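K.L.:
Can you keep this structure in mind? I'll have questions shortly.
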Amino acid sequence: MSDRPLAIAIEDLVFGYRPGREVLRVSAVSIASGERVFLHGPSGSGKTTLLGLIAGVLRPTAGHVRILGRDLATLPPSESDGYRGTHIGYLFQLFNLIPYLSVLENIALPCRLHAVRRARLGSRSIEEEARRLAERLELGAFIDTAVTELSVGQQQRVAAARALIGRPELVIADEPTSALDTDLRDRFLELLFECCAEAEATLLFVSHDLSLGARFDRVLSLPTLNCAGGH
Amino acid sequence: MLTLQLALRSLRNRRLTTILTVLSIALSVALLVGVETVRRGIRESFAGTIRGTDLIVGARGGSQQLLLSSIFGLGAPAGAVEWSTYQRWARHPAVAWTIPISLGDSYYGYRVVGTTSAFFEHYRYRNDGRVTAGEGRLLERDTDVVVGIEVATRRGLTLGSPVTLTHGLRGTGISDHEEHPFTVVGILSRTSTPVDRSVFITLEGIEGMHEGMPAESPDGWAQPRFAPLQRPGSSAPAAPPSGSPTVMPGAGPPSALPGVAAPLPADDHDHPPVTVAAAEDHAGHDHKLTAFLLGTKARAASLMLQRQMNTDRVEPLTAILPAVALTELWHSISYAEDGARIITGAVLLVGLLGMLVALYSTLQERRREMAILRSLGAGPGRIAALLVLESGLLALVGAVVGVALVYGLLVVGQGIAETHFGVYIPITAPKQLEWLYLGGVVVAGVLVGLIPAWRAYRNTLQDGLTIRL
């Protein structure tokens, strides 16, 4: 794996929303391609800020965040948006879906927004791939259901399918299981692992629930990584 | 393309708000375009009231006064024109035809027009429309009455109905010419002009009606009777309108009342009918006209004739070019149009503000959606574009529905407007001004959309990938 660039490389990262009041200071984090990393981030640990920096929505005050070797802070905003959409699949804790689009349309969105993800489908059409992923994530019976009528577990699986379509290199999951009960949570993790492996995607999984950490290749703790004052 | 699809789906998702917003814009656009259409219809109806006449001639006075009194039956004429003067000008070599008009009597508030067959031959309205009998025939005898369609409908007149005319312009009562009944011989086709609200009789009919009314002013019967009637015995007669050369008829002593009047000559009802064609032989009589219309042999002579008439040394006259007077009149009342425009503009503004409120109020609940789109790599620009597109679409659909509404109403209401208001509103393709309005509404919609778009743009930058609940 050493021939592929690091999925995430953080060097001497400093960030503050206002000058002089830094909320995040991380000296070095490297996540290799294909790794499954658990990031333990209790609330208040700067988790949201770190994810914003990795996704290129926030820009570091100092230091670098490189995604697949590219420092997003050097790109103009519109390009960093495009870079995120092309290379990162993102899963929220809740309410991942656009309410006025169907299940298939929600899954298909990244391919319609980004030509690279569309191109990675090869000869398959967007709809075929969306259906395939829906089946893969055990959503076959709900393809025609309005997204507002899906259960939370089903919604999270639709979101996972959307994060994975067009095989982005990095999948970031921000507490995706915190609203699920234990059985659903285990099944969801299992499916997510399988699909990430099939897509050869790096998984950065953020949660406050340390009990999940054992299933990952590596566990990072944000409170430990973050040397900013107060943490 | 994707943004457009998202905008459409998002609007469809909020169906009720979308429909209500479109409706409010549609109604305000309909009002705007409707007022414009009606205004144009009224203006055209108004301008089309008289066509083909080169000059309107009356006693010396204001041109608006002459136009309003002789053609629209509104207000009082400045005075009267001597028959001899009329005869003199009618024989002028540049004059092709003339229509004498004698006003002053009424029938249940409808004005009575004394004229000759020349009226039906030469009077034109709208696009070369002639005044024709829809039922019965035109004027022949001096007891004949031809009524406009509205008079016939409102008063329930049919061919053969006896008609008693009133001296003066107020209802019935003090000086009905009961001793001189007329018979309806014709009902005119609809013209959507004041003709519909007029009663036509021959000049001889008017003469016969007024003969034997000793209290009349010695000037004769054709004196315009436009001023409010006074109760007999009323001490102070109302002041005659400025320019009126005589005392007011109808304000005379009680002996003017029918029944008290001197007995009519026994043969009054029996004298042989005088045909309208014989009207030219009235030169010997000493009576007056209210006004006359004339057509020239060559249009170019109109200005020359007008100047000659306005400087007539025998009798002070006012000659006006109908088109010029109509335009002047229209301009003098155009402030009402401006008022209507301002109000409809304000209504449109309210419609657009309603859209702004509808879009803006959804922003809070849509922050989640924006964060999702952002996580999927949509830039803040695309999110702002989504909102601008939504408001642009609302305005566009609203404008189209509004225009369709106007045309729908026109199809339904055209007949009603013509029957009840005497206004013929033609259904035409949208004109430049309407297209301008429509374009303006869509542009305004887009501009209004910029406000929530800006807000959403700020939100997305602030929220980043945080989903606010």
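Please treat every number below as a calculation from the coordinates, not as lab data. Small disclaimer: the values here were computed from a predicted structure and weren't measured. Cβ atoms come from the backbone with ideal geometry, glycine included; neighbour counts cover every protein chain shown.
K.L.:
For region B:363-370, what does the Karplus curve 6.51 cos²θ - 1.76 cosθ + 1.60, with θ = phi - 60°, yield as ³J(HN,Hα) per residue in whole Hz, taken in order and with x for Gly and Pro?
P.N.:
In residue order, the calculated couplings are 4, 4, 6, 9, 4, 4, 4, 5 Hz.
K.L.:
Rank A:Gly46, A:Gly140, A:Gly153 by mean-square fluctuation in a GNM of chain A with C-alpha springs under 10 angstrom and give only the top-ranked residue.
P.N.:
Largest GNM mean-square fluctuation: A:Gly140.
K.L.:
For a Förster distance of 25 Å, can you work out the FRET efficiency between the beta-carbons of B:Thr153 and B:Ala133, rounded to the nearest 0.05? Can you show the working numbers first?
P.N.:
On the way: r = 15 Å, r/R0 = 0.61.
The value I calculate is 0.95.
K.L.:
Would you list the membrane-span-like helices of chain A, meaning whole DSSP H runs whose alpha-carbon atoms span at least 20 Å along their axis and whose mean Kyte-Doolittle value is at least -0.5?
P.N.:
Numbers: long enough: A:182-199 (25 Å, 0.12).
TM-like helix candidates: A:182-199.
K.L.:
Moving to a separate point now. Summing Lys, Arg as +1 and Asp, Glu as -1, what charge do residues with Cβ under 13 Å from the Cβ of B:Val314 carry, B:Val314 excluded?
P.N.:
Values: positive: B:Arg60, B:Arg88, B:Arg313; negative: B:Glu82, B:Asp312, B:Glu315.
Overall, the nearby charge balance is 0.
K.L.:
Give me, ordered by chain and number, the residues 5 or more places off A:Val23 or on other chains with an amide H under 5 Å from its own placed amide H.
P.N.:
A:Phe15, A:Gly16, A:Tyr17
K.L.:
Just to check I understand the Karplus step: with θ = phi - 60° and J = 6.51 cos²θ - 1.76 cosθ + 1.60, what whole-Hz values come out for region B:71-81, glycine and proline as x?
P.N.:
9, 9, x, 10, x, 10, x, 6, x, 10, 10
K.L.:
Here's something else I'd like to know. Take the alpha carbon atoms of region B:332-407, find their radius of gyration, then divide it by 2.2 N^0.38 Å using N residues; give the quotient.
P.N.:
After normalising by residue count via 2.2 N^0.38 Å, the value is 1.57.
K.L.:
R0 = 30 Å: FRET efficiency of A:Ser151 with B:Gln364, Cβ-based, nearest 0.05? Working shown, then result.
P.N.:
On the way: r = 25 Å, r/R0 = 0.85.
With R0 = 30 Å, the Cβ-Cβ based efficiency is 0.75.
K.L.:
How much net charge surrounds B:Leu410 when only the other residues with a Cβ under 13 Å from the Cβ of B:Leu410 are counted, with Lys and Arg +1 and Asp and Glu -1?
P.N.:
Residues near B:Leu410 contribute -2 overall.
K.L.:
Now a separate question. Sticking with the crude label model, points 7 Å out along Cα→Cβ, report the distance from B:His331 to B:Ile427 in nm, one decimal please.
P.N.:
3.6 nm
K.L.:
Can you compute the label reach from B:Arg9? Point 7 Å from Cα along the Cβ direction, backbone N cut-off under 11 Å, restricted to region A:145-161.
P.N.:
Answer for region A:145-161: A:147.
K.L.:
Using 7 Å Cα-to-Cβ label points, what is the B:His92/B:Val443 separation (nm, one decimal)?
P.N.:
With each label point 7 Å from Cα toward Cβ, the separation is 5.0 nm.
K.L.:
Per DSSP H run of n ≥ 4, the term is -39500 (n - 2.57); total these for the protein assembly as shown, divide by its residue number, and report the mean residue ellipticity at 222 nm rounded to 500 deg cm²/dmol. Write down the numbers at each step before the final one.
P.N.:
Numbers: 20 runs with 298 residues, N = 700.
My calculation for the protein assembly as shown gives -14000 deg cm²/dmol from helical runs alone.
K.L.:
Moving to a separate point now. To two decimal places, what compactness ratio does the protein assembly as shown give when its Cα radius of gyration is scaled by 2.2 N^0.38 Å?
P.N.:
Here the answer is 1.65, to two decimals.
K.L.:
Please report A:Glu35, A:Glu105 as a ranked list, fewest other C-beta atoms within 10 angstrom at the top and most at the bottom.
P.N.:
Fewest to most other Cβ atoms nearby, the residues stand as A:Glu35, A:Glu105.
K.L.:
Let me ask you something else. Tell me, what is the Rg over Rh of region A:36-139, with Rh the Kirkwood radius over Cα pairs? Present the calculation step by step, with values, prior to reporting the outcome.
P.N.:
Values: Rg = 15.9 Å, Rh = 15.8 Å.
Using Cα coordinates only, the ratio equals 1.01.
K.L.:
Follow-up question, since we're still on this one. Could you go through region B:391-408 in sequence order and give the Karplus-derived ³J(HN,Hα) for each residue, using 6.51 cos²θ - 1.76 cosθ + 1.60 with θ = phi - 60°, rounded to whole Hz, and x for Gly and Pro?
P.N.:
Calculated HN-Hα couplings, in order: 6, x, 5, 4, 5, 5, 4, x, 5, 5, 4, x, 5, 4, 4, 4, 5, x Hz.
K.L.:
Across peptide A:44-51, how many C-beta atoms of other chains are within 10 Å of each residue C-beta, on average?
P.N.:
What the average comes to for A:44-51 is 1.
K.L.:
Give me B:Arg455, A:Arg18 sorted ascending by neighbouring Cβ count inside 10 Å, so fewest comes first.
P.N.:
The order, fewest Cβ neighbours first, is A:Arg18, B:Arg455.
K.L.:
On a straight-distance basis, which lysines could pair with A:Lys47 in a cross-link, Cα separation under 26 angstrom, same-chain partners fewer than 8 positions away excluded?
P.N.:
Straight-line reach from A:Lys47, under 26 Å: no lysines qualify.
K.L.:
What is the sum of charges, Lys and Arg at +1 and Asp and Glu at -1, for the other residues whose Cβ falls under 11 Å from the Cβ of A:Asn96? If you can, show how the numbers build up before the last one.
P.N.:
Numbers: positive: A:Arg157, A:Arg162, B:Arg368; negative: A:Asp174, B:Glu369.
So the environment of A:Asn96 carries a net charge of +1.
K.L.:
Quick one: B:Asp338, B:Asp144, A:Asp209, fewest Cβ neighbours within 10 Å first, how do they rank? Spell out each step's value before the answer.
P.N.:
Numbers: B:Asp338 9, B:Asp144 22, A:Asp209 13.
Ascending Cβ contact count within 10 Å gives the list B:Asp338, A:Asp209, B:Asp144.
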